[in-house]
Every structure is written in structure tokens, then in C-alpha cells.
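Novice: I'd like to ask some things about the structure below.
Bear in mind these aren't lab numbers, they're just calculated from the coordinates by the rules spelled out. Note that the structure is a prediction, hence the values are computed from the model and not measured. Cβ placement follows ideal geometry from the backbone for every residue including glycine, while neighbour counts extend to all protein chains displayed.
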Amino acid sequence: MGGSQGGCRVYLITPPKLDPAPFADQLAAALDAGDVAAVQLRLKDVDDDTWRRAIDVLRPVAQSRDVAFLLNDRADLVRETGSDGAHVGQEDMPAPQARQLMGPDAILGITCKGSRDLAMQAGENGADYVAFGAFFPSGTKEVRRFISPDILRWWSELMELPCCAIGGITADNCAPLVQAGADFLAVVGAVWNHPDGAAAGVRMLNAAITAARSA
């Protein structure tokens, strides 16, 4: 799931409510439309069986296309389900515990919001990438404080560890984040709510990343 050298890649987060079988077709169309580094399955307020069913249906769609398949918060299900890793928030589970549950080879991402201290700590705790945000108003979470792209620049100049930008990112507003050094742009609405469909959303994001890099 590496960031391409000096590049920036799309990191796709699923909508919090989905029906796995029809959604699998949407996901396949999105992944076939352009470069995507990872898919994070993020389900809210569902039981373990619902998680497992969704993973069984969606994981092969991502992995057959060499796209990393990550679980939001559920490090405990990674090994059992053959997923590639997990993304954990600061309130969800300590990073060392997530790492212990998943094993040394799984991908571990950690939410650091706007905190340089949390990001440094995440790196020491064995994170494979750190996530900063929110940068813009988001349709999926209430945001109380927006952070500046400067944190991405600071991190990418200082650290080898990839960083992911999250929060209200679209093809129209992503340029400053790409130029500041984000390795990944985590998106939800920009793809799944795109008026021309998810494939168009992925195409537009990749085009915006390319344009931002050459600007």
C-alpha cells in the first residue's frame, strides 16, 4: 500500500451503511476506474456477523485487484477474515494492542487528527501510516476544528512514514493536500455520492491528483 514515489493515491472508505452484495458491484466499478491504494471497510453499529458477511463479500473484490483491504477499528477480525490490516482511532484501541492482534505483517493505520505528538507516538508504536484531518467539512462526521495542510508538509519533510489526509476531501479541494505531501487522500462522499457514479468519482480524484502534482 505504499505511496507512489513522490505521489499521492486515493484511499477509499466505504459508506457506513451498505448492503454487501449490490455494493460489491459498485466497489468493483470504482476500483476498475483508476488507481486506489486501499479500501477501508467502515461499518457503524453492526454486529460481528454483519462485519464478517461484509468482509467475505468485499475483501476479494479489493484483493483480487491488488488493493489493500482494511477494517475500521476491528483489528480483532483481521487475521480471522484474511483482511490486510486495520485503521484505529485514538479512542478505539491502543496501537500496540492492535498490532498484537493482527501480527507483524498487517497494515496498521492510526488517526492523529491535528496532533504532531500523537503522530510521532503512532510512528513509535509501529503504525504503517498516520492519518491527519479533518481538513474540510465532512458529510460523515461532525468536525469541530479544521487543520491546516501545513501538518502534512511538516510530517512528509520530517518522516519516511506515509501520511493520509482525511475529512471532506473532493477532487475540487484536494490540490493543497497533494502539494503539501499527503501520500493518501481518504475519501467517502467524493466517490460514493458522485452524481455520475463511483467510477467517475475515482477518475476525477486521480485526475485532480495528477493536476495538483504538475501545477
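Novice: Can you give the helix-only mean residue ellipticity at 222 nm for the chain, where every DSSP H stretch with n ≥ 4 adds -39500 (n - 2.57) and the sum goes over all residues, rounded to the nearest 500 deg cm²/dmol?
Specialist: On the way: 9 runs with 86 residues, N = 215.
It comes out at -11500 deg cm²/dmol, rounded to the nearest 500.
Novice: Can you sort 47, 76 by how many other beta carbons sit within 10 Å, fewest first? Could the numbers behind the result be given before it?
Specialist: Numbers: 47 9, 76 17.
Going from sparsest to densest Cβ surroundings: 47, 76.
Novice: Where the convex hull is taken over the Cα atoms of the range 9-214, what is its projected area averaged over directions, in nm²? Please list the in-between numbers first.
Specialist: On the way: hull surface 42.3 nm².
That works out to 10.6 nm², a quarter of the Cα hull's surface.
Novice: Using the 10 angstrom Cβ neighbour count as an exposure proxy, how do 87, 194 rank, fewest first?
Specialist: On the way: 87 30, 194 20.
Placing the least packed residue first, the sequence is 194, 87.
Novice: I've got another one for you. Quick one: net charge around residue 124, please, counting Lys, Arg +1 and Asp, Glu -1 for every other residue with C-beta under 15 Å from its C-beta. If you can, show how the numbers build up before the last one.
Specialist: Values: positive: 99, 116; negative: 117, 128, 160.
So the surrounding residues net to -1.
Novice: Now a separate question. Looking at 97, 166, 146, which one has the Cα that reaches farthest to the positive end of the dipole of the range 89-215 (charges on Cβ: Lys, Arg +1; Asp, Glu -1)?
Specialist: 146
Novice: Could I ask something else about it? Just want to confirm a number: the relative contact order over the range 1-97, from Cα pairs under 8 angstrom separated by 6+ residues, in percent.
Specialist: Value for the range 1-97: 25 percent.
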